[in-house]
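Input: a single structure, listed below in structure tokens.
Here, each number is a calculation from the coordinates, and none is a lab measurement. Because the structure is a prediction, the values reported are computed rather than measured. All Cβ positions, even for glycine, are placed from backbone atoms using ideal geometry, and neighbour counts span all protein chains on display.
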Amino acid sequence: MAASITALRRGTRVSDDLSSVRALDAPQAWMQAIAAHRDRAAFAALHRHFAPRLASFLARSGGPTDVEELVQETMLTVWRKADSYNPAQAGVATWIFTIARNLRIDALRRAGRARPPEPGPLDDVDDAADGEALMLAGEREALVRQALGQLPPEQAEVVRLTYFTEQTQAEISRRLGVPLGTVKSRLRLAAKRLSVLLEPGR
Amino acid sequence: MTPHHHPSDDTLMAYAAGALSAGPRLVVSVHLSACAHCREAVRAFEAVGGALLDSAPPAAMADDALERLLARIDAEAGLAQVVPLPSARPRAPTTPDGIPLPAALARHSISPWRKLPDLQWARVILADAPDANVILLRIPAGKPAPRHSHTGREFTQVVYGGFSDGRDHYGLGDLTEADQHVDHQPLVDAEGECICLAAVEGRLRIHGVGRLLQPFIGL
């Protein structure tokens with residue numbers, strides 16, 4: 001594994017035998033079917049997997065947001081934009097996460113918690129999508145799951161609160177009843193650990 | 001151009017999670033537009049969001065959730081195709097004398113520039129968060145910015161020229177974060193003037209003569 005992480009950082013091939021890693025996973029195959037011919041059975045399968053997870057993910061934001069409507073909006077956007085999904089850039093779950101995140105920021109803004117709908121940084125930039133990148137995106141998803149599993153519980157908790165609730169450090173501090181400095185240092189440590197695993201050396 | 005100073009990992013994570021407030025979010029997005037490295041890091045932190053979503057416990061859904069969604073899709077398909085107007089990309093803003101400012105500012109408004117002998121500044125009024133404290137600062141070559149500290153974090157992106165703050169040097173494309181423990185006085189490079197985009201959480205404290213500025217800058 002260490003070797004493959006090093007290879008990943010250098011942006012080189014992890015393995016010469018790409019056929020095994022190149023196979024699309026089920027959500028990617030569904031996305032491809034939706035993009036290629038508006039396949040409703042594939043969309044139903046995607047919905048069956050992601051809608052209940054989106055609902056629980058979004059329910060925790062606790063804000064004045066209509067969860068059911070946000071889930072619908074997210075899945076509707078998935079349908080509309082299916083052909084812009086690029087498996088070389090992100091796994092399907094990551095792509096859907098960014099859609100839900102942007103819609104939630106927008107909903108919170110409309111609800112009066114002012115946060116503007118800046119386009120995501122990745123919306124503007126069309127980085128090359130080749131087979132190697134496709135493999136790297138898949139590798140990254142696997143590394144992420146592993147890295148998350150290795151975080152100490154108190155760090156994993158503040159990371160979850162940051163992603164699930166989009167709360168600022170100060171809000172998390174109030175919610176957990178721990179000092180702001182503690183929240184800051186837990187987030188810093190968690191972000192550091194994750195970035196060491198995930199990023200090419202800075 | 002490769003920036004040398006980047007947002008911290010936890011700032012990039014908060015950005016990817018959607019947890020940065022509007023002002024810092026704008027400043028970080030300006031940095032990202034010029035920094036492939038940080039874009040890649042944000043992508044990785046977005047993958048963290050994807051993994052958390054994928055492992056979220058499924059919630060109970062209404063039986064007819066998919067049915068209603070498909071009905072919406074059908075309703076949309078029945079409508080005449082609306083041809084979107086060619087997205088007239090708003091022109092990138094400039095200073096009054098034509099120095100280009102980040103394109104990301106085009107969707108927001110910039111107040112008229114105010115002038116003191118060694119300092120010009122303008123407020124950036126965010127379209128959707130008019131209360132956010134975001135300013136453009138323009139300081140002549142070799143001059144110091146007013147000495148200041150802050151009650152919250154400050155995010156400063158260099159959009160023209162460069163400065164030093166006693167800790168380090170910052171050039172075009174660099175982003176520096178300072179928290180309430182930093183009490184600093186940036187000094188602009190001797191070679192030329194400097195323009196920065198800064199977002200401040202909480203209140204900014206300006207010391208000494210600069211205190212006179214406080215009501216004008218309005219932070």
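Take peptide A:81-90, look around each residue's Cβ out to 10 angstrom, count Cβ atoms belonging to other protein chains, and average those counts.
Across the residues of A:81-90, the mean count of other-chain Cβ atoms within 10 Å is 1.
Just the Kirkwood number for segment B:17-61, please: inverse of mean 1/r across all distinct Cα pairs, in Å, one decimal. Write down the numbers at each step before the final one.
Values: mean 1/r = 0.0820 Å⁻¹.
Radius from the Kirkwood sum: 12.2 Å.
Quick one: order A:31, B:61 by neighbouring beta-carbon count within 10 Å, fewest to most.
B:61, A:31
How large, in Å, is segment B:1-144 by the Kirkwood hydrodynamic radius built from its alpha-carbon pairs?
Values: mean 1/r = 0.0517 Å⁻¹.
Result for segment B:1-144, one decimal place: 19.3 Å.
Report, by chain and number, residues whose modeled amide H sits under 5 Å from the one on residue B:184, excluding near sequence neighbours (fewer than 5 apart, same chain).
B:148
Once phi is turned into ³J(HN,Hα) by the Karplus curve 6.51 cos²θ - 1.76 cosθ + 1.60 with θ = phi - 60°, what whole-Hz value does each residue of segment A:85-99 show in order, with x for glycine and proline?
5, 10, x, 6, 8, 7, x, 4, 4, 5, 4, 5, 4, 5, 5
Which values of log₁₀ I(q)/I(0), to two decimal places, follow from the Debye formula for segment B:131-175 at q = 0.13, 0.14 Å⁻¹ with a uniform point scatterer at every Cα?
Here the Debye-derived log intensity ratios amount to -0.32, -0.37.
Across segment B:157-172, in residue order, what do the Karplus-derived ³J(HN,Hα) couplings come to in whole Hz, using 6.51 cos²θ - 1.76 cosθ + 1.60 with θ = phi - 60° and x for Gly and Pro?
Result, rounded to whole Hz: 10, 7, 10, 6, x, x, 8, 10, 10, x, 9, 6, 10, 10, x, 3.
Of B:132, B:142, B:161, which is farthest on the positive side of the dipole of segment B:120-162, counting Cα position, with +1 on Lys and Arg Cβ, -1 on Asp and Glu Cβ, and the Cα centre as origin?
B:142
Report, in debye and to the nearest 20, how large the dipole of segment B:1-144 comes out about its Cα centre when Lys and Arg carry +1 and Asp and Glu carry -1 on their Cβ. Display every interim value, and only then the final one.
Details: 13 positive and 14 negative charges, 212 e Å.
Around 1020 debye, computed over segment B:1-144.
Sort B:53, A:197, A:176 so the one with the fewest other Cβ atoms within 10 Å of its own Cβ comes first.
On the way: B:53 24, A:197 18, A:176 15.
Result, fewest neighbours first: A:176, A:197, B:53.
Quick one: 3J(HN,Hα) in Hz for segment B:131-145, Karplus 6.51/-1.76/1.60 with θ = phi - 60°, rounded, Gly and Pro as x.
Running phi through 6.51 cos²θ - 1.76 cosθ + 1.60 with θ = phi - 60° gives 7, 5, 8, 10, 9, 9, 10, 10, 10, x, 3, x, 9, x, 7 Hz.
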